[in-house]
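Below is one structure, written out as structure tokens; comments come after it.
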Amino acid sequence: MDIKEYKDLYSLSVDASNFIVNLIKKIINKQGYFTIALSGGNSPRLIYSMLSENKNISKINWEKVIFFWGDERYLPHTSSESNYKMAYDTLISRIAITPEHIFRIPTEVYPPEDAALLYEKIMRKVFMKLGAIDLKKQLPVFDLVILGVGRDGHTASLFPGHKAVNEQERWVMHIKAHKNVTLHDRITITLPVINNAKNVMFVISGEGKGKIIRDILEEKRTGKVYPASMIKLYDGQSVWFIDKNIY
């Protein structure tokens, strides 16, 4: 685990975008493609915008990058609350990439359980074609998963106490709306998928998260199990980009 702290979100985003650029170049040079699961929320917004700046666009062969999403609210993809829309507006619409490499979560499919099943089928098909499935574990191998952490310690759409946190077989799950957890149904990749990634990048900003982040990073025994603390990569590396203003 590598922990990086910054004076503000801007300096964090500069370093984080450089990290992503260098990682993409390195892995494309090695295997010819790069798979990434994007996060939503406000924290990575500036990072995505920086990735789409001219100086970075020219450094990456975006045609070799394959986009997935780690989670999504079960809303139209045109909604202002859509993780897809945020990434599309700040990054995807600004780069030269084939539409066949963009795999958004199909929130137009009803019911949401079927949308989750379909996304898992799509993911299995793509990773099988790439030869990027860990056959022993029967899990995809993402090159990078970007994550945030909520004030309750959730990550992706894996919330404390939800049965999805303990899922070991499925790659993608439906999270039913509940007033104590989330106001929207959601669809999320599962912990085994995240933990099997080569790289996981946490982007942490926003008020009110300081105590939970300290508890997670210092592995304090608080009696609570935070999903974010369950991200322990099998073979990969995790890096935390933290805006000090959370403390």
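The values are calculated or read from the model by the stated rules, or taken from the named source; none is laboratory data. All values reported here derive from a predicted model rather than from experimental measurement. Don't worry about glycine lacking a Cβ; one is built from the backbone with ideal geometry, like all the others, and counts go over all protein chains shown.
Restricting to the stretch 154-165, what's the tally of residues that are in a helix (DSSP H, G or I) and either crowded, with 20+ Cβ neighbours inside 10 Å or out of contact with any helix residue (DSSP H, G or I) (no Cβ under 8 Å at 6 or more places or on another chain) (or both)?
Final tally of qualifying residues: 2.
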- Which of (1) touching a Ser or Thr at 6+ places or on another chain (Cβ under 6 Å); (2) under 18 Å from Phe103 (Cα atoms) does Thr78 not meet, given it meets every other one? (1)
- Only one of these is farther than 30 Å from His178 by Cβ, modelled with pLDDT under 95 and β-branched (Val, Ile, Thr): Ile3, Ile66, Ile57, Ile27. Name it. Ile57
- Query: When the residues of the stretch 22-41 are filtered to those that are under 16 Å from the mean Cα position of the chain (by Cα) and assigned to a helix (DSSP H, G or I), which remaining residue is surrounded by the fewest Cβ atoms within 10 Å (Cβ to Cβ)?
  - Reply: Leu23
- Query: Taking the stretch 97-148 as the search range and keeping residues that are touching a residue at least 24 places away in the same chain (Cβ under 8 Å) and among the aromatic types (Phe, Trp, Tyr), which one is farthest from Glu207 (Cα to Cα)?
  - Reply: Phe127
- Of the residues Ile102, Ile122, Ile133, Ile95, which single one is surrounded by fewer than 19 Cβ atoms within 10 Å (Cβ to Cβ), touching a helix residue (DSSP H, G or I) at 6+ places or on another chain (Cβ under 8 Å), farther than 30 Å from Asn54 by Cα and hydrophobic (A, V, I, L, M, F, W, C)? Ile133
- Query: Here are some residues: Arg73, Arg151, Arg170. Which one is of a type in the set (Lys, Arg), surrounded by fewer than 22 Cβ atoms within 10 Å (Cβ to Cβ), touching a helix residue (DSSP H, G or I) at 6+ places or on another chain (Cβ under 8 Å) and within 26 Å of Ile204 (Cα to Cα)?
  - Reply: Arg151
- Message: Filter the stretch 167-207 down to the residues that are modelled with pLDDT of 95 or more and among the polar types (S, T, N, Q) and list them by number.
- Response: Gln168, Thr188, Thr190, Asn195, Asn196, Asn199, Ser205
- Query: What about Tyr84, is it part of a helix (DSSP H, G or I), in contact with a Gly (Cβ under 9 Å, 6 or more places away or on another chain) and of a type outside the set (A, V, I, L, M)?
  - Reply: yes
- Query: Tell me, which residue of the stretch 235-247 that is part of a loop (DSSP other than H, G, I, E, B) and within 20 Å of the chain's Cα centre (by Cα) is surrounded by the most Cβ atoms within 10 Å (Cβ to Cβ)?
  - Reply: Gly236
- Query: Does Gly210 qualify as being of a type in the set (Gly, Ala, Ser), without any contact (Cβ under 8 Å) to a residue 60 or more places away in the chain and out of contact with any Pro (no Cβ under 6 Å at 6 or more places or on another chain)?
  - Reply: yes
- Look through the stretch 42-58, keep the residues that are assigned to a helix (DSSP H, G or I) and of a type in the set (S, T, N, Q), and return whichever of them is surrounded by the most Cβ atoms within 10 Å (Cβ to Cβ). Asn56
- Filtering the stretch 182-234 down to residues that are in a loop (DSSP other than H, G, I, E, B) and among the β-branched types (Val, Ile, Thr), which residue is nearest to Ser17 (Cα to Cα)? Ile231
- Message: For Leu217, only one of the following conditions fails: (1) under 28 Å from Leu12 (Cβ atoms); (2) surrounded by 17 or more Cβ atoms within 10 Å (Cβ to Cβ). What is its number?
- Response: (2)
- Note on the structure: All conditions in (1) over 17 Å from His101 (Cα atoms); (2) not in a loop (DSSP other than H, G, I, E, B) are true of Asp89 except (1)
- Note on the structure: Looking across the stretch 2-21 at residues that are more than 14 Å from Asn61 (Cβ to Cβ) and without any contact (Cβ under 8 Å) to a residue 60 or more places away in the chain, the single one that is surrounded by the fewest Cβ atoms within 10 Å (Cβ to Cβ) is Tyr10
